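Have a look at the structure below before the remarks.
The values are calculated or read from the model by the stated rules, or taken from the named source; none is laboratory data. Note that this is a predicted model, so its numbers are computed, not measured. With ideal geometry, Cβ positions are generated from the backbone for all residues, glycine too; neighbour counts draw on all protein chains shown. To get the accessible areas, we keep the full protein, side chains included, count just its heavy atoms, and leave off ligands, DNA and RNA. Shrake-Rupley method; radii C 1.70, N 1.55, O 1.52, S 1.80 Å.
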Amino acid sequence: MFLVACSSGGYNGPESDHFDGEQFHNQVRTHDKTVMDLLKWRFNRDQPEDAWQQIEQKASVQVPVRNNHGVLATFINHATVLVQIGGKNILTDPVWSERVSPVSFIGPKRYHPPAINMDELPPIDAVVISHNHYDHLDLATLKQLETHSQPVFIVGLGNRKLLESEGLTQVVELDWWQDYTLEGGVVITGTPAQHWSTRTRIDHNRTLWQGYLIADQHSRVFFAGDTGMGPHFAQIQKRFGSVDLALLPIGAYLPRWFMKDNHLSPDDALEAHYALQPRQSMAIHFGTFNLGDDGQDTASNRLKALLGEDQHKKVNFMVPEPGGQIHQKSG
């Protein structure tokens, strides 16, 4: 991650069970990584030179303008999924940029093109953003989407100022368990996650990180955002019941001493699937950007191996290629 000293806002509001008046914190307290921890990892990375290979071929996939029957989810790249539910089109953590970095010429680069070009997208009604790290809150992409559709941008507490400073016109902040209802009745609820936030050297945990529950009268989708293991999966299942589709991150999980507090491993993602009890899960957050010591296919191959071991349990957990789709009919 590359940090620069520029303002990205921050939250000023009452204390809560996850905000101490200055900074947000997780339900399960973990050791905050220091600059020395980051340098220790960076200078001791254990990754073969050929662990990532450029893929030039773009996926061939089509999506309808609207979907009124259940849930249609299309994996675009990284944590970006087009969720079509209740006649609404919703993007999760959209990233179309070539690099996820504060500058365009250095930083983690993409290794395959998005499955859908920006100009191939249907009208977007809402964008949900899990937190402010550069591979999840990509301002260049958000400004393109503002021009494309003028959607509602839904963010965690403290993130509105940054988006509005970039000319985005409809920005809504949500706390954990807070709702926002789109016209037509699709409800988007912020949910807890086990992560952290920062874009600069001066805003550590000043803005909230979260997942989202997206629901109409018949179907429910859970987008976990970026998260480690924690009690929130069981809490979400208890509050909402079994969802139709869970979007669960699996990549950038190595080395575990550095990543385990805030990033699910494939093993963790399978445990989260069992805790959530969804009809189906889709793996996200892998194979696009080199953000950990795991290679391009490490996370996906590990999850596939686990699913093979658990075949007798008939686990419904998709490991998609870019453009992979799940269509869950309501009922």
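Just a few scattered comments:
- Filter result (part of a loop (DSSP other than H, G, I, E, B) and modelled with pLDDT under 95) within the stretch 264-315: ASP310, LYS314, VAL315
- Residue satisfying all of: in the stretch 128-172; among the acidic types (Asp, Glu) and more than 21 Å from VAL186 (Cα to Cα); most open to solvent (accessible area, probe 1.4 Å) among these: GLU164
- The stretch 214-251, residues that are buried (at least 24 other Cβ atoms within 10 Å of the Cβ), under 14 Å from HIS263 (Cα atoms) and of a type in the set (Gly, Ala, Ser): ALA224, GLY225, GLY251
- Scanning the stretch 18-46 for residues that are of a type outside the set (D, E, K, R), within 24 Å of the chain's Cα centre (by Cα) and open to solvent by less than 80 Å² (accessible area, probe 1.4 Å) gives HIS18, PHE19, GLN23, PHE24, HIS25, ASN26, VAL28, THR30, THR34, LEU38, TRP41.
- Total residues in the stretch 81-102, condition assigned to a loop (DSSP other than H, G, I, E, B), at pLDDT 95 or above and open to solvent by 20 Å² or more (accessible area, probe 1.4 Å): 4
- The set of residues from the stretch 182-199 being under 29 Å from LEU264 (Cα atoms) and open to solvent by 10 Å² or more (accessible area, probe 1.4 Å) comprises VAL187, TRP196, ARG199.
- Any pair with Cβ under 6 angstrom, 6 or more apart, that starts in the stretch 269-283 at a residue that is within 9 Å of ASN316 (Cβ to Cβ) and free of Cβ contacts under 8 Å to residues at least 24 places away in the same chain and ends at one that is open to solvent by less than 20 Å² (accessible area, probe 1.4 Å) and in a helix (DSSP H, G or I): none
- Residue check, ALA115 small (Gly, Ala, Ser) and either surrounded by 20 or more Cβ atoms within 10 Å (Cβ to Cβ) or touching a strand residue (DSSP E or B) at 6+ places or on another chain (Cβ under 6 Å) (or both): yes
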